[in-house]
Structure formats: C-alpha cells, structure tokens
Amino acid sequence: MTQPSFVHESKSDSVRPTQRLSVAKPWTQSRVAELSKPGQPSGHYMGYQGPDQGYAISLANSFEEELVTNGPASKHDAITGCVQVALRRASLFGRAPCRTDLEFAFTLFGFIGEAPESLTKARDEWFAGCDHDYWSQRAIADLVSPEVLKLSLSDLKDKMEDWTKLISIS
C-alpha cells in the first residue's frame with residue numbers, strides 16, 4: 001500500500017526496485033540418470049523399490065536365533081538373501097516390509113521350521129556367500145514369482161511339501 005507523501009518514511013521502509021529475471025530456457029532431458037518415463041525402472045537385476053526398506057534388516061536380525069543353517073550358507077547369508085525376497089514381497093503390496101514378509105521368506109527357503117533335504121541342498125548353493133555378492137542377492141530375489149509372493153503365510157506353509165513349484169529353478 002502506498003504511503004501519503006507527507007508521512008515520513010525511512011530509507012529501509014521505502015519500496016525497493018525489483019530485479020527482473022530472464023525468461024526460463026526450455027527444459028530438456030539431458031542428464032544421464034534422469035528417468036524418461038514415469039515410475040521406477042524395472043527389469044532383470046534392477047531391484048524392487050519400496051518405502052522404508054532398511055527396516056527389513058532390523059526385523060531380519062530378530063529372527064537370527066530361530067534360523068536353522070546346516071551347510072555352507074551362514075546365518076548372515078540367510079538373512080541377506082531372505083531380506084531381498086521380503087523386500088520384493090513388500091514392494092508388490094506397495095508398503096514397507098513387515099515381520100510377516102521376513103517370516104515368509106525364511107519359511108520359503110526352509111530356514112525356519114522343517115525343510116526337505118532337497119531344498120536345503122539347493123538353498124545352500126544359492127545362498128552360500130551371498131552376504132557379499134550383490135548379483136547373487138538379486139538372483140535369489142528373482143527365484144520367486146510374484147504369484148508365489150502374493151500367497152499368505154499359511155497358504156505357503158500348506159504348499160511347502162512341493163517346494164519346486166514355489167521357487168523358479170532354471
């Protein structure tokens with residue numbers, strides 16, 4: 001609001017001239033890492049995005065006492081590999097990982113409860129050393145189809161007798 005001319009104003013109260021900005025240049029996608037289409041990229045070995053994924057490690061560590069490993073795959077390998085599967089399951093539902101996701105992954109690969117000998121032999125091959133190998137972690141996450149990941153934990157336990165139909169071995 002303007003002030004009448006007879007009112008005294010200090011220099012700091014007076015209206016200062018504005019600085020004019022130039023017209024913006026047109027935007028182009030020129031940086032290497034920019035996404036060219038909406039959404040996250042997906043594909044083989046790309047991972048699965050979701051909120052609060054770091055929480056899965058805290059949840060997984062709470063299972064350490066329950067895990068049964070009896071081969072070259074250590075408990076750390078089991079946790080690392082199953083966290084990847086749990087994160088993929090949580091991202092399918094569009095949510096952060098929960099305890100059920102981890103219990104699902106540990107049960108699926110026979111680290112919790114009874115597991116057929118054929119499964120323990122196969123899982124030792126998949127999980128051995130995966131704690132320090134990103135590519136084997138991605139391969140473990142890709143072993144399970146989205147249809148299997150959408151099963152409830154009780155349905156998974158009912159179908160564990162024929163585990164070869166649950167895990168894609170190719």
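Every number here is computed from the coordinates shown, using simple stated rules; none is lab data. The shown structure was predicted, so the numbers you read here are calculated from the model rather than taken from an experiment. Cβ placement follows ideal geometry from the backbone for every residue including glycine, while neighbour counts extend to all protein chains displayed.
Things worth noting here:
- Nitroxide proxy distance, nm - points 7 Å out along Cα→Cβ at His132 and Gln29: 3.9
- Ratio Rg/Rh, restricted to region 55-165 and using Cα atoms, in which Rh is the Kirkwood radius: 0.92
- When each of Leu21, Leu143 is scored by the number of other beta-carbon atoms lying within 10 Å, the sequence from fewest to most is Leu21, Leu143.
- Here the sum of -39500 (n - 2.57) over DSSP H runs of 4 or more residues, divided by the residues of the chain, equals -11000 deg cm²/dmol at 222 nm, to the nearest 500.
- Two-site FRET efficiency, Arg20 against Asn61, from Cβ-Cβ distance with R₀ of 45 Å, rounded to 0.05: 0.20
- Sorted by Cβ density within 10 Å, fewest first, the residues Cys82, Cys98: Cys98, Cys82
- A simple spin-label model places the labels of Gln40 and Glu114 3.8 nm from each other, with each point 7 Å out along Cα-to-Cβ.
- Under conditions of 37 °C and 0.692 mPa s, region 1-104 yields 169 µm² s⁻¹ as its translational diffusion coefficient, taking Rh as the Kirkwood radius over Cα pairs in the Stokes-Einstein equation.
- Cα-projected label distance for Asn70 with Ser145, points at 7 Å along beta-carbon direction, nm: 3.0
- Here Trp126, Trp27, Trp135 are placed in order of increasing Cβ neighbour count within 10 Å, fewest first, which gives Trp27, Trp135, Trp126.
- Residue (of Ser12, Trp27, Thr120) at the positive-pole extreme of the chain, dipole from beta-carbon charges: Ser12
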